[in-house]
Amino acid sequence: MSRPDARFTAIILAAQRAGQIDPLAGARALSHKCLVPIAGAPLIAHAAAALAATPGCRRIIVVIEPDMFASVRAVLRDGPPPVDFVAAADNLADSVLAATDGIDGAMIVTTADNVLLTPAAVEAMLAALAGGGDVALAMANRAAVLAAHPEGQRRFYRFRDDEYSNCNLYAFAGSAAARAAESFRSGGQFAKKPMRLIAAVGLINVALMAMGRLSLRGALERLSRRLRLRIEPVVLADGSHAIDVDNERTYRCAALLLERRAAMTAESIAA
């Protein structure tokens, strides 16, 4: 049997929320959080490097305001893969749909602050698509996240089988599957703003989740029926993938974990 095409297009969401300057950026006199330095490079450079290092990455698309195209290009490595830019829309859903419009084949979508992203995580998402999924979303369970860093994440979704945190990593089998982004038209951040979750997945489903009646897979099966797409959960063993750079606390956590990774890499090379 021939191996499924593992090539993919990567999309990095890097825009600011309309009318807001992120506190991390503001504290460093920067316009955008994606340019905040950590472990020797801007946030977005870490996410882009992980995507570029994944076998099969044929293109990276950065979604951000047009006046930031040049500034972001200046901090990213020259390809391959090539880096292109798409103007951010007024909301998350339209930004994703604009970036994915007309793209054939697999797509990986993540955020610029996902500095702990690894090629292994991306490959796990692609495997979920190769297994028949239309959409895949990455999660990590509470134990794995706390093992990575006890202060790295404080928000978890409770399901019947476990508690999980979102890893800000998504995969779509094609531009048609990307219509699942409509669920995020209200802006995402479901753990912070439950009413958005109700709008996205329905009141009954949220009630069943709240009562602990649904497993993670069971909840996504219900959402799959609602969206008429097969949505696959990808539970990552490395809980650090659920730690993005959201504030000063998580910035410190991510910086420490990046430092540890660098030390482990140096030791491996020395050995």
Discussion item. Condition check: crowded, with 16+ Cβ neighbours inside 10 Å and either among the polar types (S, T, N, Q) or in contact with a strand residue (DSSP E or B) (Cβ under 8 Å, 6 or more places away or on another chain) (or both). Does VAL62 satisfy that?
Written reply: yes
Practice prompt. Mind listing whichever residues of the stretch 81-108 are modelled with pLDDT of 90 or more, surrounded by fewer than 17 Cβ atoms within 10 Å (Cβ to Cβ) and in contact with a Gly (Cβ under 8 Å, 6 or more places away or on another chain)?
Written response: GLY105
Item to complete: Go through (1) touching a Phe, Trp or Tyr at 6+ places or on another chain (Cβ under 9 Å); (2) touching a residue at least 60 places away in the same chain (Cβ under 8 Å); (3) part of a helix (DSSP H, G or I) and name the single condition THR54 misses.
Response: (3)
Discussion item. Quick check on the stretch 109-127. Is at least one of its residues touching a helix residue (DSSP H, G or I) at 6+ places or on another chain (Cβ under 8 Å), surrounded by fewer than 23 Cβ atoms within 10 Å (Cβ to Cβ), within 25 Å of TYR251 (Cα to Cα) and of a type in the set (A, V, I, L, M, F, W, C)?
Written reply: no
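If I ask for residues that are modelled with pLDDT of 75 or more and either of a type in the set (S, T, N, Q) or surrounded by fewer than 24 Cβ atoms within 10 Å (Cβ to Cβ) (or both), which ones from the stretch 1-12 would you list?
Step one: list which residues in the stretch 1-12 are modelled with pLDDT of 75 or more, which gives 6-12.
The answer is ALA6, ARG7, THR9.
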Worksheet item: Considering only residues of the stretch 13-40 that are at pLDDT below 95 and touching an Asp or Glu at 6+ places or on another chain (Cβ under 7 Å), which is nearest to ILE60 (Cα to Cα)?
Response: GLN16
Item to complete: Could you please let me know if ASP22 is touching a helix residue (DSSP H, G or I) at 6+ places or on another chain (Cβ under 8 Å), over 24 Å from ALA124 (Cα atoms) and either loosely packed, with under 12 Cβ neighbours inside 10 Å or acidic (Asp, Glu) (or both)?
Response: yes
Fill in: Unique match (being touching a Phe, Trp or Tyr at 6+ places or on another chain (Cβ under 9 Å), in contact (Cβ under 8 Å) with a residue 60 or more places away in the chain, among the hydroxyl-bearing types (Ser, Thr, Tyr) and closer than 21 Å to SER240 by Cβ) among TYR170, TYR164
TYR164
Worksheet, complete the sentence: Within the stretch 34-51, residues in a helix (DSSP H, G or I) and either more than 18 Å from the chain's Cα centre (by Cα) or touching a residue at least 40 places away in the same chain (Cβ under 8 Å) (or both) come out as CYS34, LEU35, LEU43, ILE44, HIS46, ALA47, ALA50, LEU51
Worksheet item: Among the residues of the stretch 212-259 satisfying the criterion of being of a type in the set (A, V, I, L, M, F, W, C) and modelled with pLDDT under 95, which is farthest from ASP134 (Cα to Cα)?
Response: LEU214
Item to complete: Answer yes if at least one residue in the stretch 31-46 is among the hydrophobic types (A, V, I, L, M, F, W, C) and closer than 17 Å to THR9 by Cβ, and no otherwise.
Response: yes
Item to complete: Mind telling me which of the residues ALA128, ALA144, ALA136, ALA121 ends up being within 24 Å of GLU221 (Cα to Cα) and assigned to a strand (DSSP E or B)?
Response: ALA136
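Within the bounds of the stretch 73-80, is there any residue that is surrounded by fewer than 16 Cβ atoms within 10 Å (Cβ to Cβ), within 17 Å of the chain's Cα centre (by Cα) and either at pLDDT 95 or above or under 11 Å from LEU13 (Cα atoms) (or both)? Break it down stepwise before answering.
Let us first name the residues in the stretch 73-80 that are surrounded by fewer than 16 Cβ atoms within 10 Å (Cβ to Cβ), namely 73-75, 77-80.
Within this subset, residues satisfying the condition of being within 17 Å of the chain's Cα centre (by Cα) are none.
Checking the stretch 73-80: not a single residue is surrounded by fewer than 16 Cβ atoms within 10 Å (Cβ to Cβ), within 17 Å of the chain's Cα centre (by Cα) and either at pLDDT 95 or above or under 11 Å from LEU13 (Cα atoms) (or both).
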Worksheet item: Within the stretch 227-269, how many residues are under 19 Å from GLU163 (Cβ atoms) and loosely packed, with under 15 Cβ neighbours inside 10 Å?
Response: 1
Item to complete: Give just the number: which of (1) assigned to a loop (DSSP other than H, G, I, E, B); (2) surrounded by 22 or more Cβ atoms within 10 Å (Cβ to Cβ); (3) not basic (Lys, Arg) does LEU30 not satisfy?
Response: (2)
Worksheet, complete the sentence: Flagged pairs (Cβ under 9 angstrom, 6 or more apart or on separate chains; first in the stretch 76-88, farther than 18 Å from ALA98 by Cβ; second at pLDDT 95 or above and polar (S, T, N, Q)) are PRO81/THR9
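The values are calculated or read from the model by the stated rules, or taken from the named source; none is laboratory data. Only a predicted model underlies this, so the values are computations on that prediction, with no experimental measurement involved. Cβ atoms come from the backbone with ideal geometry, glycine included; neighbour counts cover every protein chain shown.
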